[in-house]
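Below is one structure, written out as structure tokens, with a few remarks after it.
The values are calculated or read from the model by the stated rules, or taken from the named source; none is laboratory data. Computed from a prediction, not measured in an experiment: that's the story for all the values here. Note that we place each Cβ from the backbone using ideal geometry, even for glycine, and neighbour counts take in every protein chain shown.
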Amino acid sequence: MTTIVRGKLLIDGTGNPPIADPAIAVEGDTISAVGTAGEIQVDRDARVIDLSGMTLLPGLIDAHIHLEGWKTMDLMDWMTTPVAVSALRATADARRLLEAGFTAVRCLGGAASLYLKQAIEEGVIQGPRIVTSGRSFIQTSGGADPWELPVECVEVLDRLEQTLADTVDGPEECRLGVRRRLREGADCIKILTTGAVHSEHNPPTRVGFTQEETDALVDEAHRLGLKVAAHAHGTAGIRTAILAGVDTIEHGSYLDEECIELMLERGTYLVPTFSVGRCNLDPGADGLPDTEYGLRQGREIRGAHRRSFDQAYEAGVKIAAGTDFIGVPPMKHGLNAMELECLVEAGMSSMEAIVAATSSAADAIGLGARAGTVAADGWADFVAVEGNPLDRIRLLSDVAFVMKAGEVIKNRATTVE
Ligand SMILES: [Zn+2]
């Protein structure tokens, strides 16, 4: 049966001007036709969903989250919670994301999302399409390596999938690690090429893997058809990652001219992850029960991070939207449209921010042309909001209608109140 969805305006995710009085025809899980209401033929037995007054857009995509069922910001807590418990907790977040209009997400670090993805694909639970790296990779001592524990304990926790990041040293182990991740069901690879804000012993500016190790990780991933995301704050680690050929730079706090040139040359995406900073560092933000070093390091990088974004955006580096939310309040899943507001605040137009969270995000995370746009032959993943988000980007944080793979997940338009 054909479903026809009508609205007031369509923003198709490509950056093209909006279409007035649009209609989207859906067959099964696929969009069969898109046009103005006058252009789309309506069969007599078609189901018509009338969203007049609303703007239709592609389902939103968050290119950087952790859908891992964590309840605190404590690494020890994460490592001692069984993956099964984490995965069960994450089912609630998956549902929240979908109802907030996020029909696809990329999970960058943690084992639970591998299993969550499988359950969603089996139709057991509802959630967005998941692209996941499973656990990330670090070198011994790298960001997310729990220095409090003897290295022998960390090796055991690695084998039990209880660590956030798996430790690999030397090019051979790097290649082996990538192969293991592929075998576990990962769709992409996440590496940390610098320290992290939440790492006591590895400040964000400290470089991680050697060039040789990074080359091995990226080459092996690409050889096997997996894209690579690099968590990278400091300039040296960012350069190492770009030179190795990673597909996305996450955070990118200290970009210099050379990094920006290289990103333009190689088509590397920047995922600036503004939301995590807003939640924790903005005056009046709820903040987290955070550590002294986490807050200090977050504040230290903030100015540079914003300048890096400005330069990259000015230069025309490709940008994809990602929050780095982990589900712990205030970084609660379901509030992820915050990143679009942050991108607009940082100088993007509303249309550019929407593109960053739809077609660009789909491209950056390797979902292909069927996601991130409202177009014939694409997946029937789209949302609707009251009013026009080009005038007020914040409207995207209150999605009234969600369809994923042709299934109506949420439709406030017909709710009896
Ligand atoms: Zn992250």
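Filter the stretch 1-47 down to residues that are part of a loop (DSSP other than H, G, I, E, B), in contact (Cβ under 8 Å) with a residue 60 or more places away in the chain and of a type in the set (Asp, Glu) and give me whichever is farthest from ALA321 (Cα to Cα).
Of all residues in the stretch 1-47, those part of a loop (DSSP other than H, G, I, E, B) come to 1, 11-18, 21, 28-29, 37-46.
With the extra rule that they be in contact (Cβ under 8 Å) with a residue 60 or more places away in the chain, the set shrinks to 11-15, 18, 28-29.
Add one more test, that the residue is of a type in the set (Asp, Glu), and what stays is 12, 29.
Working: ASP12: 17, ASP29: 25 Å.
If we take residues in the stretch 1-47 being part of a loop (DSSP other than H, G, I, E, B), in contact (Cβ under 8 Å) with a residue 60 or more places away in the chain and of a type in the set (Asp, Glu), then ASP29 is farthest from ALA321 (Cα to Cα).
Of all residues in the stretch 324-339, none are basic (Lys, Arg) and at pLDDT 95 or above.
Considering the stretch 62-89, and only residues there that are among the small types (Gly, Ala, Ser) and closer than 28 Å to ALA357 by Cβ, the residue that is farthest from the ligand (Cβ to nearest atom) turns out to be ALA87.
Which of the following residues is surrounded by fewer than 13 Cβ atoms within 10 Å (Cβ to Cβ) and either more than 16 Å from the ligand (Cβ to nearest atom) or in the same structural domain as GLY327 (by TED's automatic domain parsing) (or both): ASP45, ASP12?
Values: ASP12 fails: surrounded by fewer than 13 Cβ atoms within 10 Å (Cβ to Cβ).
The conditions single out ASP45.
Starting from residues that are acidic (Asp, Glu), in contact with a helix residue (DSSP H, G or I) (Cβ under 6 Å, 6 or more places away or on another chain) and not in a loop (DSSP other than H, G, I, E, B), keep the ones in the stretch 323-368 and report whichever is nearest to the ligand (Cβ to nearest atom). Per the criteria, the residue is GLU339. Could you give every pair whose Cβ atoms fall below 6 Å, whose first residue belongs to the stretch 52-77 and is modelled with pLDDT of 95 or more and buried (at least 24 other Cβ atoms within 10 Å of the Cβ), and whose second residue is polar (S, T, N, Q) and assigned to a strand (DSSP E or B), counting only separations of at least 6 or pairs across chains? Short answer, once both residue conditions are applied: GLY59/THR103.
Evaluate the following for HIS231: is it under 22 Å from GLY303 (Cβ atoms), assigned to a strand (DSSP E or B) and within 16 Å of the ligand (Cβ to nearest atom)? For HIS231, the condition - under 22 Å from GLY303 (Cβ atoms), assigned to a strand (DSSP E or B) and within 16 Å of the ligand (Cβ to nearest atom) - is met. Residues in the stretch 91-129 that are within 15 Å of the ligand (Cβ to nearest atom) and more than 18 Å from ALA165 (Cβ to Cβ) were compared, and the one that is surrounded by the most Cβ atoms within 10 Å (Cβ to Cβ) is VAL105. Among residues that are surrounded by fewer than 24 Cβ atoms within 10 Å (Cβ to Cβ) and either modelled with pLDDT under 95 or β-branched (Val, Ile, Thr) (or both), THR36 is included.
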